[in-house]
1. Restricting attention to segment 599-658, which trypsin sites (Lys or Arg not before Pro) occupy a DSSP loop and are surrounded by at most 13 other Cβ atoms within 10 Å?
2. For segment 539-694, list log₁₀ I(q)/I(0) at each q in 0.09, 0.10, 0.12 Å⁻¹, using the Debye formula over Cα point scatterers of equal strength and ignoring solvent, two decimals each.
3. What percent do you get for the relative contact order of segment 661-705 when only Cα pairs under 8 Å and 6+ apart count?
4. Where the only charges are on Cβ atoms (+1 Lys, Arg; -1 Asp, Glu), what is the dipole of segment 262-315 about its Cα centre, to the nearest 20 debye?
5. Can you give me the relative contact order of segment 770-834 as a percent, contacts being Cα pairs under 8 Å and 6 or more apart?
6. Under the rule of at least 5 residues apart or a separate chain, name every residue whose amide H is placed under 5 Å from the amide H of residue 165.
7. Based on the alpha-carbon gyration tensor of segment 239-342 and its eigenvalue square roots a ≥ b ≥ c, which shape applies: rounded if a/c is under 1.5, prolate if not and a/b is larger than b/c, or oblate?
8. Order 932-939, 113-120 from most to least packed using the mean count of other Cβ atoms within 10 Å.
Amino acid sequence: MSRPSTRSKNKRNKQGDDGDTSDTLRKIHATGEITDEDIRTLYKISKPVCQSCRVNTKDNPNCFCGLIPPSTGTRKAGLWQKPAEFLQNLGPDPSQDLRASDDCPAGLTNLGATCYVNSILQCLYMNKPFREGIFLVEPEVLEQQPVLNQLSRLFAQLHLSKMAFIDSSPFVKTLELDNGVQQDSHEFLTLLLSLLERCLSHSKVLKAKSIVQDLFRGSVSHVTRCARCGKDSEASSKMEDFYELELNVKGLKSLDESLDDYLSVEKLQGDNQYFCESCKTRVDATRSIKLRTLPTFLNFQLKRYVFLPKTTTRKKITSPFIFPGVLDMRQRLSEPSQIESIYDLSAVLIHKGTAVNSGHYVAHIKDEKTGKWWEFDDEHVTYLGTHPFGEETSGSNSRPEKPEPVNPSCSGQNGVSNGDNMEIDYQQPTTSSSDMGKFTSSDAYMLMYTLRPSQKDDSKAHAECISNNRKIDADSVSGSLPYNICEEIKSSNALYLDSCQQYTLKRDEEMNHLKERKQEVRSILSEAPVRSLEEPFFWVSTDWLRQWADSITPPILDNTTIQCVHGKVPASKVGCMKRLSAEAWTKLFSKYKGGPTLTNDDACTTCLTDGARDVVSADSYRDRRILMKQVAEDAIAGRCSDGTYYVSRSWLQQWLKRKILDAPSEADAGPSVSIRCPHGQLLPEQASGAKRVLVPEILWLFLYEDALTVKPAEDLGCLTFPSDSLQCSECSDELSEVACMEDSLRLVREKQRQTHDKLAAGKSIPLSLHCKYNLIPYTWLARWRTYVNANGRNLSSVEKPETLDGIMDSVKCEKHARLQERPVDLVCKRGLISQKTTPVDGLIFITESDWKSFCEEWGGIEEKGVSAEIKLSNTERNHVAGSCDDMQICEEDLGTLNLLNSEVDSRSLVIRTCPEICEDCIGEKESRELMRKLEYCNEDIYVYLVHGKEAPKYILQASETSFDPDRRVSKRSRKTNTGDQISLKVSGSTSIYQLKMMIWESFGVVKENQILHKGTHTIDSECATLADLNIFPGDKLWVTDSEIHENRDIADELSDQKMDVQHSEEGFRGTLLTANISSQVV
């Protein structure tokens, strides 16, 4: 069963409608009367009301289809666009930035490259004791310390604000950080804690003053022990503070292994022996790090960035690293203690990406109040559940390991290293199953552990809050907030919630307005059709009706576009208006005013009468033109014997091809323009484009009438030339002179072609030993050959060659009066000597007789000629000279050549010239030409990616072939059976490194894996430029992929380049983080 077609549903028989309209107008013209039936026909009133057209029918005033979309349809703009797109015009919805709930933490805005700042700030804020300590700082200290003030405000906003994310720019600006440069988060944390420690020293609140030291500071000692006497060095008793432990991860799989490596014992032997003060000599010794005290919050810095000496760059280690949810550090202390030193994982700082100087930092932090994990990714905060990497995590970069008993030993035994090269047994702590898991991550950069809390008395802190004019927050987690900051945040929250409410009210108001407008449009359009012919109706502009039906705010009713000059409705506008019922018109006019009102009685009879006359006139014109077309065809074919007027043949041919219209068009002007000379007379037919044809008087009068109708003011464009018109004598004389000159030149060229038949035909002249020849520039000979072989229309347009006198002077240098061009190469084949068939430049051989004839014909002086003689020489050296030096000839297959006889097999052909060759000038000229070629810019070279170790022969040949600038080549990227090809825009100053980056971007082959070739030569140096390696525009290179190094994103390489340019090694230099004194109020 065939599929039903709907394409013809809206089609109408235009030809039939036009026929009825034309017949009606002809009847009106014939009778001079206009009946009601004529009005119905011409205004198409009697057409049926459409019901289901896909588009609005223009020639049916009763069709209202397509003005609005279907009930479930939408449009791109206007009243019927999707509600979501309409709401975009109202601006962003502030409630989208509303925090989901009070339990959901807030994010921080990324100002460009400040993710490292945001992740550290979130870790510090989610640290409840640290947050409370910052809130305890006195207001007067906050006023003096802008860093503390901004940090306190930021923490307060994170805690109380209703916003889903907080603007971190005030804090970043206070630190004077460059928000466009990515920095190391560990370095930022270290410097920030140091700065806060200095700033907090001005506080008189003891808990706030020492909050950094109390929470993050531990101590270690570097112990050196003599192997002979067993005593420790004096420096071993000194303790050094630490705020985080930096652990190696290269070659290590877990946190336990990294801690063992950190506390491992180093043996000092041989040249590295230790001088013992007790033994008074150099002895073997051991050195190790011992943990003396541990902080409440223990931070581990995983050293994922390593330096590569071969490339002098840093690389990120992305190997998986295992760390526990619960960490027992009791046996890691140098002096084992019964005090609980069990830590719970509280935060994981993650660096995403493979590049050192770029990437993205996020933090996974556990909420101390709920025990749930959250991911902080700048503005976005995501709930993770009870695991640091999510409940359903299964990715390779971060995942929970299978829960197993807590065991800090990487060997699986119940013992750990404590820095004394021994293992100490311990009893495992009691932990819940949910805390005993281990986790693996390839991107974890910092691990933060929190000491399991014991019962603490918070009464002192509470008393300090009251004495310092603090407002105690109802939420015990938040501690106390500065009163003034708390009030500011409450005011900000009130304004924000009010803006959310205002947006909601505005949105509801607009949506209600849209709903009412849609109902109004649908209601009026349902009443719009006129159901009977006797019912009164009103005309309305279709354009206005479309705007009204599609606009949210409709314009004033406008019917002026469908009025004629008589203030009525012309029938010609029937396609631009609709027939509206009285009910629908009343509703529209009462609401939108405007006008004018046009009823069913406003049909313009004057316009109908004029239209009827035009139709009859058009019928007459078409009939006449059809008849004249036949007459014109006879005239063109030469079948017309009564021709009396000249018209242009080409114009008449085009006139015949044009479509027959109702009236003359612009193209009907100027039937005799091209046959009129500048003097206003008949142009001789020998002139270009002056071909003419005689036409009968009846046709000429028709054409003349049309031309004047189209352009009545330009009667010169339709000059009359009867059959007895004389040709312009002046133009005839000029054409005769030109014809005579061309005949003379044709004879001269023919004579020269006969004199120099072989040179004119481009045939090679046979050469012989010990014969005298003359040399002339090949470029001049090529121009002469083009000149003498020109014929027909090209005869007068071909440029005449220069005289030989000046040409021969130009081949000699002024300084030495020697030749500054070389003779073309000679070729020896089967004992015959000939010149290279396709030379580009240089001096070419001609016979002495040809030289004498050229001197007579082209103004040359025989004595200024360059003579040449071919001789034999025993030398194998390849050079050209004058009377005493030789030039070796280019030979093909020299090993198989037999020259003139067997006696000269071992000899070479040389050319002796007079005057001799100037090697100095030619060398300078070639050097300048080479430099010019290498100073190219934005030109194409071609690179093949070869899949395999060796390139195919055709690629090697293309790569070794010199580029011909005149040969057309394709610039499209294409694929072949052996690889891909791409064209690259380069300059002579482009380095090989830059070229490899382009290849990386095009083919995806990292630059370290690219083995680049030109022909059989391998290109190694990345510092060299294309000009240094003589790589010209159009050269073809090929590259293979060694697949030695792992693939990486080119964006990482570009980011490293950018960081190098910006002197990334300067780090935080120039910011408050590196200041030696506490920041002051600016």
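1. Sparse-neighbourhood loop trypsin sites (Lys or Arg not before Pro): 639, 658.
2. One equal scatterer on each Cα of segment 539-694 leads to -0.57, -0.62, -0.70.
3. 30
4. Using Cβ point charges on Lys, Arg, Asp and Glu, segment 262-315 gives about 360 debye.
5. Details: 32 pairs, mean separation 14.8, N = 65.
Once divided by the residue count of segment 770-834, the mean separation gives 23 percent.
6. 107
7. oblate
8. The most tightly packed comes first, giving 113-120, 932-939.
The values are calculated or read from the model by the stated rules, or taken from the named source; none is laboratory data. Model, not experiment: these values are computed from the prediction. Ideal geometry is used to build each Cβ from the backbone, glycine not excepted, and the neighbour counts take in all protein chains shown. The area values use the complete protein model at the heavy-atom level, side chains included, leaving out ligands, DNA and RNA. Shrake-Rupley method; radii C 1.70, N 1.55, O 1.52, S 1.80 Å.
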